[in-house]
Every structure is written in C-alpha cells, then in structure tokens.
Amino acid sequence: MQGQADLTAIATIELATIFGSFFLYPARHLLLKGDEPVTIGSRALEILIALTERAGELVTKDELISRAWPGATVEESNLRAQIALLRKVLGDDHAAARYIAAVPSRGYRFIAPLSRAQGDTATTVTAAPNNLPRLLTQPIGREQAIRVVEGRFQRFRLVTIVGPGGIGKTTVGLSVAERLASSYEHGLCFLDLAPISNPQALPFMLASQLRLNDTSHDPTMHLGAHLRDKRMLLVFDSCELVLDGAARLAETLLREAPEIGIVATSREALRVEGESVYRLPSLDMPPPAAGLTAADALEFPAIRLFVERAISFQGCRSIRQQPQAWPRPRTPAPSALRHRRRSDRRADRDR
Ligand SMILES: Nc1ncnc2c1ncn2[C@@H]1O[C@H](COP(=O)(O)OP(=O)(O)OP(=O)(O)O)[C@@H](O)[C@H]1O
Ligand SMILES: [Mg+2]
C-alpha cells in the first residue's frame, strides 16, 4: 500500500491526469490505479504519457518510438510489444479498446475520456475553480428534490443525498451544485470518490484538485487552513466505499472552514454532526391498476426516463406514437434504468 509520505509527495508535486480508475502523474513517472501504484515499465509509461498528452488525436508510430526510445532506431515490433504490455496493465482489450485504439498502419489514439488538472506543477490557485462535470441532459422529474436539497443549504452546510445505486443521486447532486454555484464565490470542487478504496487518499485527492503545493504534514489540516476564509462548495460524490474517510474529512473541514458547503452523495449517510440527510425517492410511477395510454404514462417521470433511455439505446422511436394501453410494468421501471457506468468502474477497480 502507498505510504503516507509517498502520497504526500505525489499530491505536493503535481496534479493527476485521470481516466477510468487510473491517476497518471507524468512528471513523477507514476501511475496509480485507485490509490495503488501500478507496476509498469518506463517505456510503456512514456508511451501512455505521450498518448494522454494528445488524447483523442492520432499519435504516429514514429512519434511514439522517439518518445520511448529517444535517439535510437528500433523495430516497430518493439512498439507493438510495449503497447500490448500497456493494454494488459490497463485491462484494455485490443478487439474492443476502451483506452488505446490502433489506427492501422499509422499509430495509436487514446480514446477514453480523461480529466486533466491545468499546469505542470502544483501551485496555489487564486482563480475560483469549478471542475463540476456537466450534465448532458436536464434531469427528468427531479425539480422538487433539487429544490429541497438546495433549500437545505440555508440551514445546513452538509447535505447528503442518500439512496440505492442508480436512483439518481449524482444527477441531483450535480444539479444542486450548479444552482448553488453563484453563492460560492471561491468556486466548486467536485471529487468522484468511486475509484478510491483507501480513505487516507481523500485529503490528498482534494489537495491535488485544489492545487495546494504544501501538503507535507497533514493535508487535512492544511486543507482546513486553506479553506478557512473561503466560500467554496465541495461535492463528494459516491462516498459509500470510503464512508469513514469522507465523514472524517467533511467533519474537520466544516469545523475549520466556516464558509464552505458540502454536497455529498452516498448509499449511506455520513453520520457526522450537522449533516442533513436527504433520502432521494424513486421517480413517480403510474398507479398499479391504471389502464393508461402511452401518452398518459409519459406524464410519469419514471416512464419518461425509461422511454428516453429506450429510444437512445434501441432507436425504438415508434414507442412515442402508440396510442394503445400502456402495459403495467412488472418490476419498477427505475431499476431498468440503472446505468452501468459506476458499477463498471467499480468492477474495473476490483479487477
Ligand atoms: N432524473 C433523471 N433524469 C435523467 N437521467 C437520469 C435521472 N436520474 C438518473 N438518470 C440517469 O440514470 C443514470 C444513473 O443516475 P446517477 O448516476 O445519478 O445515479 P446514482 O444514484 O448516483 O448511482 P450510483 O449509486 O451508482 O452512484 C445516469 O445515467 C443518469 O444520467
Ligand atoms: Mg452516483
């Protein structure tokens, strides 16, 4: 396991390039999976750095060879071997690539979405940060939940949105944070805790996001001091796997920094002093006995979301036009909506 001192050094020196459950620190030549260092050769790592530096673009074989073997002439087969190694380390698949796609005869392309902190080395940031992921569509049927959670920030500084997997906690949490953004002059900081298994990594992750360059002793106290005079909203998403760590960090920061707010999402409450727990209900469903038309059924958010998803996944647009009675669902629709993104990532991490 990564030692405390090492974690401190990582957070101190630079920010991560993040993809899937991986954290890449190019200047340190270090790759973490969650919070565990990954064993990887320096050439494969250099190739990964070169590809992520130009994510989405073609990086030619010659460019990759000159990065991994500077000044040397090497056979293309060496590059292929390093790419194969890299794919193995990332758990990538040549046939159905998630991270590295081959561009036949030309080179390779890094294809996974990644988030990258600005700048090469850590410096204390003065501009208001906002790394909130953008929602691609407006949430369906969550206006009241969003309004209630937003309203709770008039009395509470930590509101935890609690509910089972896939019910829409992150969706509501992000919407609330977007609405509250203008009340926090020092910005928003979003932390996705799903890839983390070591609770000790949380303060380092937050310090890294806030680009603090002096976290050599206790990052939690340093964070407290940094945030003391700031009005900033933190979003701790998916706390359930590091519940104690998230609770400890939230409690300390709320005590040390009187102006911050925290939106947390979790399958369980954090159980810290001052927490307001909002249990997210399921989306409204039609009553069991109703012989509804499709148009009537679409008035219910659970059905609307289900249909929108069905349309986008299967292209079955005709469903909107059918006037006949809507069949009564045998299982609650929201369970059918649960997307696999988070569970995929958890599976990735556990792999
Ligand atoms: N009200 C909604 N309107 C539109 N899309 C929604 C809504 N609720 C959930 N979704 C979609 O359903 C999926 C699951 O939602 P979300 O990630 O918010 O759930 P979650 O409770 O945070 O899940 P987890 O426990 O795995 O973190 C996402 O793709 C999200 O975009
Ligand atoms: Mg979530």
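Yes/no per residue for (1) within 16 Å of ligand 1 (Cβ to nearest atom); (2) over 23 Å from the mean Cα position of the chain (by Cα); (3) part of a helix (DSSP H, G or I):
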position: Gly245; (1), (2), (3): no, no, yes
position: Pro258; (1), (2), (3): no, yes, no
position: Val272; (1), (2), (3): no, yes, no
position: Asp284; (1), (2), (3): yes, yes, no
position: Pro287; (1), (2), (3): no, yes, no
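For Ile260, the criteria (1) crowded, with 18+ Cβ neighbours inside 10 Å; (2) more than 17 Å from Pro129 (Cβ to Cβ); (3) at pLDDT 95 or above hold in every case but one, which is (2). Where strands (runs of 3 or more DSSP E) fall wholly inside the range 1-105, no range has 2 or more residues that are at pLDDT 95 or above and not β-branched (Val, Ile, Thr).
Of all residue pairs spaced 6 or more apart or on separate chains, those with beta-carbon atoms under 8 Å, a first member in the range 268-284 that is in contact (Cβ under 8 Å) with a residue 40 or more places away in the chain and a second member that is in a loop (DSSP other than H, G, I, E, B) and loosely packed, with under 12 Cβ neighbours inside 10 Å are Ser276/Arg155. Pro203 fulfils the conditions (1) within 21 Å of the chain's Cα centre (by Cα); (2) more than 16 Å from ligand 1 (Cβ to nearest atom); (3) more than 26 Å from Phe19 (Cβ to Cβ); (4) not hydrophobic (A, V, I, L, M, F, W, C) except for a single criterion, (3). Within the range 150-161, none of the residues are modelled with pLDDT under 95 and either near ligand 1 (Cβ under 10 Å from one of its atoms) or not assigned by TED's automatic domain parsing to the domain that holds Ser238 (or both).
Table: residues versus (1) part of a loop (DSSP other than H, G, I, E, B); (2) more than 21 Å from the chain's Cα centre (by Cα); (3) not hydroxyl-bearing (Ser, Thr, Tyr).
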position: Gly141; (1), (2), (3): yes, yes, yes
position: Ile146; (1), (2), (3): no, no, yes
position: Glu150; (1), (2), (3): no, yes, yes
position: Gln154; (1), (2), (3): yes, yes, yes
position: Ile167; (1), (2), (3): yes, no, yes
position: Leu174; (1), (2), (3): no, no, yes
position: Arg179; (1), (2), (3): no, no, yes
position: Ile196; (1), (2), (3): yes, no, yes
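For the range 322-336, the criterion of being buried (at least 18 other Cβ atoms within 10 Å of the Cβ), part of a loop (DSSP other than H, G, I, E, B) and at pLDDT 85 or above is met by none of the residues. Counting only residues that are more than 16 Å from ligand 2 (Cβ to nearest atom) and either assigned to a strand (DSSP E or B) or in contact with a strand residue (DSSP E or B) (Cβ under 9 Å, 6 or more places away or on another chain) (or both), the range 227-243 holds 4 of them. Please tell me if Ala194 is among the small types (Gly, Ala, Ser) and within 30 Å of Phe306 (Cα to Cα). Judged against the criteria, Ala194 is a match.
Glu299 meets each of the listed conditions (1) touching a residue at least 24 places away in the same chain (Cβ under 8 Å); (2) more than 16 Å from ligand 2 (Cβ to nearest atom); (3) surrounded by fewer than 19 Cβ atoms within 10 Å (Cβ to Cβ) apart from (1).
Close Cβ contacts (under 6 Å, 6 or more residues apart or on different chains) running from residues in the range 198-218 that are assigned by TED's automatic domain parsing to the domain that holds Met232 to residues that are modelled with pLDDT under 80 and among the charged types (D, E, K, R) comprise Asn198/Asp35; Ala201/Asp35. Every condition in (1) in contact with a helix residue (DSSP H, G or I) (Cβ under 7 Å, 6 or more places away or on another chain); (2) under 26 Å from Gln144 (Cβ atoms); (3) in contact (Cβ under 8 Å) with a residue 40 or more places away in the chain holds for Leu249 except the one numbered (2).
The values are calculated or read from the model by the stated rules, or taken from the named source; none is laboratory data. Quantities reported herein were computed from a predicted structural model and do not represent experimental measurements. FYI the Cβ positions are ideal-geometry reconstructions off the backbone, even for glycines, and counts take in every protein chain you see.
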